[in-house]
Structure formats: C-alpha cells, structure tokens
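Colleague: Provided herewith is a single structure, encoded as structure tokens, for subsequent inquiry.
The values are calculated or read from the model by the stated rules, or taken from the named source; none is laboratory data. Quantities reported herein were computed from a predicted structural model and do not represent experimental measurements. Here the Cβ positions follow ideal geometry from the backbone for every residue, glycine too, while neighbour counts run over all protein chains shown. In case anyone asks, the SASA skips ligands and DNA or RNA and just uses the protein heavy atoms, side chains included. Shrake-Rupley method; radii C 1.70, N 1.55, O 1.52, S 1.80 Å.
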Amino acid sequence: MPPTIEAEEHTALRKAVAALGKRHGRTYDREALWTEAAKLGYLGVNLPEEHGGGGGGISELSIVLEELGAAGCPLLMMVVSPAICGTVIARFGTDAQKQEWLPALADGTRTMAFGITEPDAGSNSHRITTTARRDPDTGDWLLTGRKVFISGVDLADATLIVGRTEDSRTGRLKPCLFIVPRDAPGFTRRQIDMELHAVEKQFELTLDDVRLPADALIGDENAGLLQLFAGLNPERIMTAAFAIGMGRYALAKAIEYARDRTVWNAPIGAHQAIAHPLAQAHIDLELARLMMQKAAHLYDVGDDVGAGEAANMAKYAAGEACVKAVDQAVHTLGGNGLTREFGLASLITAARVARIAPVSREMILNYVSHQTLGLPKSY
C-alpha cells in the first residue's frame, strides 16, 4: 500500500495509542507511561519478533510517538532507545548483543542512550575525536573522549557511543559504535543546565580510558559509517514524529479556545485572522506527516539512500511546521497562551528543539543542496 494512504492496522494502532495518551495527558508520569506503553507492546513495535518486539518498523514506531505527542505526553527516549539503538543492534549486532539487549529494550525494562555529538564537532561526524584503541595484551577497547547534549543518560542502562578507531590499512580514523554501561569506570556525566524544562535531561559525558570488552563493539569494525547512518535516519524520522505530535497538541488547544472564546457576540475562530493561520498550520503539519510516512516506508523496505533524503526533508518540514503551529497557538490564546493553566508557553522553547536537533535545518539544506540538487559544497 502506498505510504500516502494509511493501512488499516496503522489507523488502529494510531487510535489505540491516542487512547493511551489521553489517559495520561499533559501531567503524565514518565515512568508510569513508559511502563504501560511497554506492556502494550508499543515501545518495541519496530524490533524483531524473535527478540520480543512487534516485528514492525519505524513506520509503526513513529505513529506511537506522534500520537503520544499529540496527547501532550511524548516519550523522547523512544527516539533514542528503540529507534536508534534498537535498530542498530537489530541490524548489525552479534547474536549475543541481540539476545542481551533487544528483548529488554522492547519490554522497557532497559533503556539505552545515544552519544554522538561532541563539543568541537557539532554536526560533523567526521570530526569526532572520541577514540577507541585496542589493549594489545587483553584485546579490550579503551575509549577516551567527550560528548555533549546527550539525552537521558541518567535513565539509561548503557549508552551507545560513537567513537573512532584507526584503520590498519590507511591509518585514518573510522567511526565505530560501542555499548558503554552506565557504571563503567572512567565514564562520568555532568547535567547541563537547560532553560528547556523536559523530563529527559541533557548531559555532557567524559570517557577517560573507559575499558570495554572486545564484544562491546557493535557489528563490523569496518562498516561503522553504514551502521551509524542506519541509526541516524530513524532518528530524523522519529524527531519529525515528535515535532508533528507537539504541533498537533498545540493546534488542538488553539482550536478549542478559538471555538469557545467569544468576543463581540462571536467566537474568535469565526474571524479569518484567527482561522486562516490555524488552517495553514494544520496543512503544514499534514504535509510534514506525509513526508515522514514516506521516509519511514523507504527505510522499512530497505532503501537507505532514498530514506536518507526523505528523512532529512521530513525532519526539516516537521520542525518548521511545529514551530509555526506552537507560535500561532500561543498567539491565538493571547495572554492566556503564556499561562501555566493552558500549558502552551513551555512549548515555545521545546518546539525549537525540532529545528536544532539532531541536525540543524541549515545542515539539512546543505544535504539537499549537495545530494539532491547536485550543487557544489560550500565547505
């Protein structure tokens, strides 16, 4: 079935998750919602059935996150734990790694964070300085480096760290992925003081000769870049789902207010100055969702190249649509849009995240310029 027409099972999943989200609502308890979502099979819906998952893909997982977001209770760690880490381990992990991690990620009993961003590298994965070297005597890996803006490390049992190893043939550094347990000696974290008030906190990580066994490496040492991008495309798709859900939540609040708020004997929503911007926000969110569905479909059928382009476009479109929807929602409510009672003001900051992370809109425009349009690089 074309991704532009939602399959019946997807519509049913959307309805069921929406009901779960409605029960928990904006004042949700993250732990309780995480546990119930896991019990219902939603957290691991994209993971293989033989390892306790639902046997679906990012298409299904993105529906779960979008609908929870639309109900006001998004679970940000879904972007990281099942979507990035679960996908990478399912595609490239050893049998032992799959058996150890996938059932626990699927049932929510264990979570995994993802560490790629560095203070001096930003979006440039080729400048990552976290290095891994072999101990010639034991075969262990020794990791040294720093990471920044890593979500939910305090909630996670381990962090999937992107490091670099030296290629014996060329001497160049190549990316590799390592599972680092939270209590590994030399692995420390510092919480970053954010203006953004979210359940999941942000951390700076320091790795000081963190010793890991040989089997901490995910997959093939020579396929690091392929494995890395296998996790980054789902991350972009799930970020789009996060943004679309948030935009829908804000828009629904504004629509309700525009229907009920009466000035000069008419609901304010009867005025085109109020109605048209809300209609435009709805259109932009729906268009972003179509691109997200296309990206998820391409990824799930194994078209990594096509999914890369579509995932970046979906993330860009969803980030823009979310910011505009939240801004218009707050503006529709006027002063009420800045009160705690209506719960929209905090979304002004949160909505910016979709424009900035995990890759900025400018870097996406660079990607489309180079990869799609064939224009020369500016860097």
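Colleague: May I ask for the net charge around residue 214, where only other residues with Cβ less than 10 Å from the Cβ of residue 214 are counted and Lys, Arg are +1 while Asp, Glu are -1?
Modeller: Computed value for this residue: -2.
Colleague: Per residue, what accessible area does region 11-89 have, given a 1.4 Å probe and all protein chains present, in Å²?
Modeller: Heavy-atom SASA per residue in region 11-89 reads 34 Å².
Colleague: Considering only protein heavy atoms and a probe of 1.4 Å, how much of the accessible area of region 240-379 is carbon and sulfur, as a whole percent?
Modeller: That fraction is 57 percent.
Colleague: Set the Förster distance to 51 Å, then compute FRET efficiency between residue 331 and residue 220 from the Cβ-Cβ distance, nearest 0.05.
Modeller: Using R0 = 51 Å, I get an efficiency of 0.50.
Colleague: Now for a different question. Roughly how many Å² of residue 229 are accessible to a 1.4 Å probe, to the nearest 10?
Modeller: For residue 229, solvent-accessible area is about 90 Å².
Colleague: Another question, then. Tell me which DSSP H helices of the chain clear both cut-offs, 20 Å or more of axial length from alpha-carbon atoms and a mean Kyte-Doolittle hydropathy of at least -1.0.
Modeller: Span-like helices in the chain: 8-24, 224-260, 272-300, 304-333.
Colleague: With every protein chain kept in the model, how would you rank 264, 101 by accessible area, 1.4 Å probe, largest at the top?
Modeller: I get 264, 101, largest accessible area first.
Colleague: For n ≥ 4 DSSP H runs only, could you compute -39500 (n - 2.57) per run for the chain, divide by its residues and tell me the 222 nm figure to the nearest 500?
Modeller: Helix-only estimate at 222 nm: -15500 deg cm²/dmol.
Colleague: Compare 299, 367 by solvent-accessible area with a 1.4 Å probe and give them largest first, with all protein chains kept in place.
Modeller: Greatest to least solvent exposure: 367, 299.
Colleague: Going down the table (147/315; 201/253; 174/315; 201/377; 15/324), which pairs top 29 Å between alpha carbons?
Modeller: 201/377
Colleague: Considering only DSSP states other than H, G, I, E and B, which trypsin sites (Lys or Arg not before Pro) in region 279-379 qualify as loop sites with at most 15 other Cβ atoms within 10 Å?
Modeller: Within region 279-379, the qualifying trypsin sites (Lys or Arg not before Pro) (loop, at most 15 other Cβ atoms within 10 Å) are 340, 377.
Colleague: Using R₀ = 45 Å, calculate the FRET efficiency as 1/(1 + (r/R₀)^6) where r is the Cβ-Cβ separation of residue 198 and residue 137; round to 0.05.
Modeller: Calculated transfer efficiency: 0.55.
Colleague: Keeping every protein chain in place, order 316, 249 by accessible area at 1.4 Å, biggest value first, i.e. largest first.
Modeller: 316, 249
Colleague: Once the other residues with Cβ under 13 Å from the Cβ of residue 37 are scored (Lys, Arg +1; Asp, Glu -1), what is the net sum?
Modeller: For residues surrounding residue 37, the net value is -3.
Colleague: For region 1-124, what mean projected area does the convex hull of the alpha carbons give, in nm²?
Modeller: Result: 9.2 nm².
Colleague: Over region 267-324, give the accessible area per residue in Å² for a 1.4 Å probe, as an integer.
Modeller: 44 Å²
Colleague: Tell me, which longest segment in the chain has none of the GluC sites (Glu not before Pro) that fall in DSSP loops with at most 13 further Cβ atoms within 10 Å?
Modeller: Within the chain, the longest run free of exposed GluC sites (Glu not before Pro) spans 1-194.
Colleague: Work out how much length residue 280 to residue 99 would gain on full extension: take 0.36 nm times their residue separation and subtract the Cα-Cα distance, in nm to one decimal.
Modeller: My answer for the length gained is 60.5 nm.
Colleague: Next question, about the same structure. How much accessible surface area, in Å² rounded to 10, belongs to the heavy atoms of residue 313 with a 1.4 Å probe?
Modeller: Its accessible surface works out to 60 Å², give or take rounding.
Colleague: With the calculation restricted to Cα positions, what are the radius of gyration and Dmax of region 251-319 in angstrom?
Modeller: 17.5, 57
Colleague: Sum up the charges of everything whose Cβ sits under 12 Å from the Cβ of residue 102, counting Lys and Arg as +1 and Asp and Glu as -1, but leave residue 102 out.
Modeller: -2
Colleague: Provide, as a two-decimal number, the C-alpha radius of gyration of the chain over 2.2 N^0.38 Å, N being how many residues it has.
Modeller: Relative to the 2.2 N^0.38 Å estimate, the chain comes out at 1.01.
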